[in-house]
Each structure stands twice: as C-alpha cells, then as structure tokens.
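The values are calculated or read from the model by the stated rules, or taken from the named source; none is laboratory data. Please read these numbers as outputs of a predicted model, since none were measured by experiment. Reconstructed Cβ throughout: ideal geometry from the backbone, glycine too, with neighbour counts over all protein chains shown. For accessibility, only protein heavy atoms count, side chains too; no ligands or nucleic acids. Shrake-Rupley method; radii C 1.70, N 1.55, O 1.52, S 1.80 Å.
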Amino acid sequence: MPYATPGDDVASIIDAPPTPMVRLGPGGRYIALVHYESHPPVAMLARPYLPLAGIRIDPALGGRRRLRRVTGISVLGLADGRQRPLALPAGAQVGQLTWAPDGRHFAFTVEEPDSIGVWVADADAATASPVPGLRVRDVLGSESSTLRWSRDGRSLLALAAPPGPVTMPATPAEPHLAETAGKHSQMATFQDLLTTANDEDTFEALATTIPVRVNPATGARKELGPAGLYQSVEESPDGAYLLVHRLRRPFSFRVPYSYFARTAEVWSADGGLERVIADLPVSDEVPRQGVPTGPRHVSWEERAPASLLWTEALDGGDPVAPAENRDRLLRLAAPFTGAGEVLVTVRNRLVGWSDLDEPHQLMLGEYDRDRRWITTWLYDLRAPQPGRVLSDRSVDDAYGDPGNPLVALNPDGTRTVLQHGQSIYLRGSGATPDGDRPFLDRLDLATLETTRLQQSPAECLDQVVGFAAGGDDVVLWHESPTEPPNLALAALDGSSRRPLTDWPDPHPQLTGLDKRLVVHDRGDGIQLSGMLLLPPGHDPARDGRLPLVVWAYPLDYGSAATAGQVRGSSKEFTWLTALDPACFLLRGYAVLADATMPVIGDPETMNDTYIEQITAAAQAHIRALDAMGIIDPARTAVGGHSYGGFMTANLLAHSDLFAAGIARSGAYNRTLTPFGFQTERRTFWEAPNVYDRVSPLRYADQITAPILLIHGTDDNNSGTFPIQSQRLFEAIGGNGGTARLVMLPHEGHGYIARESVLHMLAEQFDWLDRWLPPAEAGQPG
C-alpha cells in the first residue's frame, strides 16, 4: 500500500525548518550555523549501500551512508549580530564542519556525485571555496578524524581517497561459513558484520585511504604514508610527530571494525615510522561489560611538546575478575624509546580524561561498576600519586552532578579545559526537584571552592553555549514554554542581554498548550515523575476527561533515592518532532511524556523484579492523573521506542491497565540477545528464568489489548532485529490477539525519511482513534 499522511496540519509542522546546529568558533567571535532538513526524502535512504564490518557504506560515494541532508551553512558574527549565508552549490549536501585554531576559518565536506570534496570557509568574509583536488573518505573515521587542521592551522590533515575509481572485487555466489572452537565471545549481537571473504575484500577496497597534508588554498599535498586502513592521523602539539591509528588484517566475522586487529603508531612529521605503541589482535573475546587488553585511548598529552598517554587494563579487561587494581595510566615522551612510565594506578576502570591548560595536569574519570559510582580526580603528572578528588558520586545522582568542564581549542592548536589561572568552568543541566535549571560554575582548583556564575531563571531555560570574545559575555541558548529556542549574548553579571537570532515558532497553534511537571509516589515510597502535556485551552472542568498516552523508556538505578530524582524541565519549548509523543496533542490526547519507569536494585539482579516494577509505575501514573481529574483511566494507551517498545509489550502482557499500545523498534524475545541486554549483566544461561519472564513473545497469548508494532526494515541496532517485531506479530495473531505490523522501508533504528515519519504518525493516530473511542454518554469525557 502507498504511504499514508496524517493531515496537512501535522505535515506542515514536520516540514518546518528545525533550529540550526550551533558551532561556536574558537575565540568566541563567530558561530557557524548548520541548517538541515529534519526529514529527507525516502529516496535518499534508498540509495544502495553495503553493510560491512558493522557500518553501512555508500559504494558510489566512497563514504558512510548519509542519513541527514544539510541544506546550508551561515556565519553569525557576535560583535554585530549579522548572519550571512555561505554561497554553496545548489543542492549541496554538506558534512559536519571543523574549526581552525584561529577561530576564523573552518573546513567542511561537500558531497559530489561520486566522491566527497572538501571546502574551507572564511568567517570574516563569509565566503567558502573548494580545496582543489582533495577528495576524502570517512568509512573508518568520524568526520573530525577524517579531516583535521594542523596544530598551526596552516594545513589540513586528511584521509584522502586514492586516485581513480574504486576497484570493487567481483561478488561470487558463495556459502557463508563460520566456525568456533574454544573462544568465549560473549559480546553484543552486532549487525552488518562481514560474512565472506569477498566481504573482507570489498570492505578493504572501500575503507582504504592515503594520509595527506594539504594546503587549503592551493590544494598542494604531501602524502604522509602508503594507502591503508587509517582511522585517524593527528599531530603532536609541537608538530614534530604524528599519532596514527589504523586497522590491519586479519578481520573478524564476529565483531565490528573497531575490534579488528589494529595499531597505534608514532610517525615523524614527514611520515617515517618512529615507534609502534600498540599492536593489538582482533578483540572478539572482550568480557561482558569489559574492555580489550593492551593500550587503549592512546592520545597526545595536550600541554607537552610530544608525549603520549594511554590506559591499560590490569584485570584482563574483565570487570568481575578479582583484582586489587583494574587500570593504569601510562606516558611515553619523545623520542619514544623504552617502556611507558606508569603514572597512575586506580582501583576501578579509567573512563577517560581531560587535559588542563596548566601543563602536566589532568582531570581523570574512574568508574566503579559494582557501585555504579564515578569519581573525578585531579592529577599532577609530575607527582601523580595521590590525586585530589574533584567529585565523587553515584552515576545516577542527577542532583549531585557538578557538570562538565568547558573545553577550548587554543590558538596553538591544543585542546584543553578552558582555564583562567586556577579557575576552570563547569556547565551542567542543574537537575532539581522542580526541574532542570542549567548552570555555569567556576571551580577554583587550589581551594576546590565553586562559584555559581549563571543559572537559568525558574520561568525559562537558559543554557550557556560558551564564552564570547573577551570573556565577559556568554552565548546563551534561551527558550521557554512560549518562546522557541534562540541565541542571545548576555553579560554574566546580568547587566546586558542582546538577541542574536530570531527563529520563529514552527507551530504557533500549540503555543497555549499546558505543560506541567507532575510528581507522585509509586506506592512504595519511590517518587515518580513525568511531563504532562494537555491540548491548548483544555479545561477539565468544562471539557471533561481526556484519553491519555503514557510514553516511557525504563531506566535502571542502584537506589530509590536517585531513581526518584526529577530530570527534565517544564520550561522547555515544546518543539514537536515526528518521533515525539507530544504529536498526540494534535489529535486531542493528553500525553504523559518521559514517564519514569525506574527499575531499582542490585545491578546484578534488578531485572528479577522488572515486570513488577514497571507495572507498579504504570499503575501509579494512571492513578495520579485520574485523581487529578484530568484523564479517563479506561481510555489510556502506552507507548515507547526501542527499550520503551519492549516495556510496552511487557505491560500489555502482564497487566490490564491499557486499552491499546504502540511499540516501536523493540526487542521481544530475549533469547535472541543471550549475552545481556540494556544493563543486564547475566547471560541467558546464567539467568534463564529472567530472560524467559521479560520476553513478551513468551507471553503473547496474554497480550489481549491491541498493539501496534512499528519497525524499520533496515534496523541495525544491536539486538532490535526487524524479526523481533515480525515474530511477536505472528505470535499474537496465532493466539487470537489483535495486532498491526508496520515495516518502514529503508529505515534503521530511528525513522528519518519524511514519507516514513508521516506514515508512522498516521498509523499511530488511526490506531488510538480506533481503540480509544470517545467516552460513552453519561461518562466523564
């Protein structure tokens, strides 16, 4: 059947231009605004692609499959507030941009019919031009690693496409073979893996690049190494060396490319090999929730001329193996001889670090898996033990989150935490019992005292994007229930404020919607919350009770206290997007969005009571809104996406709370994800009863409320194979239940194409109109 549409009123909202992506340049003089389409045509998704090594490759383009269409770039000057568009080819599809250290120039990719070109823009002049002759490939790297500026900003380091067309190996008809013997590979159920020798050859042909240094004005280039499977090439801070990450054979049919055999090497600036830092085999036996052995996170120390840092596991990468210490941090400086110096040894897992602007100092994160605890340390690498604790909290503790440090790209090309003397700046969401109030704090590293520089007022949502030139003003992202997001330039002391943009309300017909944070008890002392949305102008006393859509995504917590914390804000502008449950407002439904469904307990066993906990939460949400006189409990539906779809099917199988359900892109048979799901740590063979009980397929005969199942035919998310929805649909039908299955062509885990999302909305509206009928005469409604 052809694609359906939900009506012009909805289509006009879906087609409204979204707020541009904001990229504040170094030095705070310019902002690059990236304009894009929320929903490209399905024809863009229908372009042929090859699923190889865990990624999807456009063979004609020589790059990753494109799922977003960027329509243009404009430059916003903070001094004068002028916004000037760049002149680009008609219909140009632009990639994500990367700023140069001078804060004036930035580079970005532009797709051509059979390749990916590179352009450079001058923000002062608001002009852009192509780099002559440069074509790149982004198969193995992110756009930031495919294309980098040199530390001095005078050249580009790029992973260039080899000259000439891609020589693709022939595709013979051949059996797919796999064998296992003695390996314990208990990793996620990855999709799009290599399956044949021909796949290996095709992947190598498409992923091969040549590392080059290019003059952005003339296109003059120097090849730094032979053609190979490069992931990234990055200069040392002094420009004398290169850190090169690349893959090599053998590949694997078990895991994606990031786990293939790989090396981290130091080269001289002109491309000569200096030292192999890591030479790692295929990592297809990484323990569950563990890490590979050998050096990982190899990177430059930003405030040293040429010094490498990396992490190594001391427990075999296994989080349950007995070990006094699990990780260590090492350093090796030029000329890169001898063994790495052990700087820091920690009891738990190192999860990353940030270089301070002060030389030799790091902010380092340590994660305790058993307690779900994160500790942030300040280390001076000249005398690293012991470090100083900057923060120490549960990862679930939103109220205690101190925020993340602002990071700066400095004029010398180094990237460090923004620092003025002994002060750094922390930006956070500011969760409170009354909702989020984003903040900017100054932290004195000498005294560890914190000073609040800015906090969002209670009546709106202001978030700091970054500092403007001079450091006295900040760029704010401002929105409120009646004001769409826009940018402003504001003094931290509140003495001045100037709008920078004037993006319009995409759906003024919804400006008067009622949006409120509701908080209530689950019935056992656990606090629940949700964002209640009511149609504009609705008066329960006058108009009666509304049908309700509860939309949720369960989360796991280690304690009741953190599970009950409020996250989110009723002061955000409600920007309707296709996948947002707020769209149900357009058809007269009340919506409880982000309804909390906490699953609380010991991380090893919390899913033993998964069904009981989500059922109690759902019942409490309905009970609270019923008591408020807002909703009709007999006309209530539940919905969710991914793990929320899994929740939806379970609630319909194990309760009679809902008249209908909508489950999108879920997993319903947990034996198909036997080595864990979400935060479940046990395998199917260790906890077969749990896997059985939380699998809605097992209880399909109990799903008596009508359920709408929606899935993308090309879902590549680990675990949510399209067959999950297909088999649940067949099981419900085989047991006499009521279900509808919608498979969206060319779509992955989230739905993107305009035709797809409009059809999805039409299906959802029709489904609820069908199964949540108007209230009967004499009944509240």
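Treating r as the C-beta distance of A634 and E612 and R0 as 22 Å, the FRET efficiency rounds to 0.40. Counting only DSSP H runs of at least 4 residues, each contributing -39500 (n - 2.57), and dividing by the residue count of the chain, the helix-based mean residue ellipticity at 222 nm comes to -3500 deg cm²/dmol. What the phi angles of the stretch 375-392 give under the Karplus curve with 6.51, -1.76 and 1.60, with θ = phi - 60°, is a coupling list of 10, 9, 10, 10, 10, 9, 5, 6, 8, x, 10, x, x, 10, 7, 8, 8, 8 Hz, glycine and proline written as x. Label separation (Q385 vs E459): 5.7 nm, computed from points 7 Å beyond Cα along the C-beta direction. At an R0 of 35 angstrom, the distance between the Cβ atoms of Q509 and F675 translates into a FRET efficiency of 0.15. For W373, the residues 5 or more places off, or on other chains, whose built amide H falls under 5 Å of its own are D368, V395.
Around the amide H of V139, modelled in the peptide plane, lie the amide H atoms of R64, all under 5 Å away and 5 or more residues distant in sequence or on another chain. Available extension along the chain between D656 and A627 is 8.6 nm, counting 0.36 nm per residue and deducting the alpha carbon span. Where in the stretch 546-584 is the amide nitrogen less than 13 Å from a point lying 7 Å along the Cα-to-Cβ axis of V519? Under cut-off, by backbone N: 562-570.
Take each peptide in 249-256, 654-661, count the other Cβ atoms within 10 Å of every residue, and average; sorted highest first, the result is 654-661, 249-256. Summed over the residues of the chain and divided among them, the accessible surface reaches 40 Å² per residue at a probe radius of 1.4 Å. How much of the accessible area of the stretch 579-631, in percent, comes from carbon and sulfur atoms when a 1.4 Å probe is used? Whole-percent figure for carbon plus sulfur exposure: 53. Electrostatic tally near D238: other residues with Cβ closer than 12 Å to its Cβ, Lys and Arg +1, Asp and Glu -1, net -3. Backbone phi angles across the stretch 726-733, fed through the Karplus curve with coefficients 6.51, -1.76 and 1.60 (θ = phi - 60°), yield HN-Hα couplings of 4, 6, 5, 4, 5, 5, 5, x Hz in residue order; Gly and Pro are listed as x. Sorting M531, M168, M743 by solvent-accessible area of protein heavy atoms yields M168, M743, M531, largest first, with a 1.4 Å probe. As a fraction of the 1.4 Å probe accessible area of the stretch 35-114, surface on carbon and sulfur atoms comes out at 53 percent. For the stretch 240-333, the gyration tensor built on C-alpha atoms gives an oblate shape. Its axis ratio a/c (a ≥ b ≥ c) is at least 1.5, and a/b is not larger than b/c. Working note: Karplus 6.51/-1.76/1.60 with θ = phi - 60° gives the stretch 605-616 the couplings 9, 4, 6, 4, 10, 4, 4, 4, 6, 6, 5, 5 Hz, where Gly and Pro are set to x. The length gained on full extension between T683 and A321, counted as 0.36 nm times the residue separation minus their Cα-Cα distance, comes to 128.7 nm. Across the stretch 10-33, no residue has a backbone nitrogen under 14 Å from the label position 7 Å along the beta-carbon direction of D472. Annotation for R369 and A197: the two label points, set 7 Å from Cα along the Cα-Cβ direction, are 3.8 nm apart. Only beta bridges with both residues in the chain are counted; by DSSP, about 85 percent of them are antiparallel.
Take the Cα of L273, step 7 Å toward its Cβ, do the same at D114, and the gap between the two points is 3.4 nm.
Given R₀ = 35 Å, what would the calculated FRET efficiency be for Q619 paired with L492, taking r from the Cβ atoms and rounding to 0.05? It comes to 0.15.
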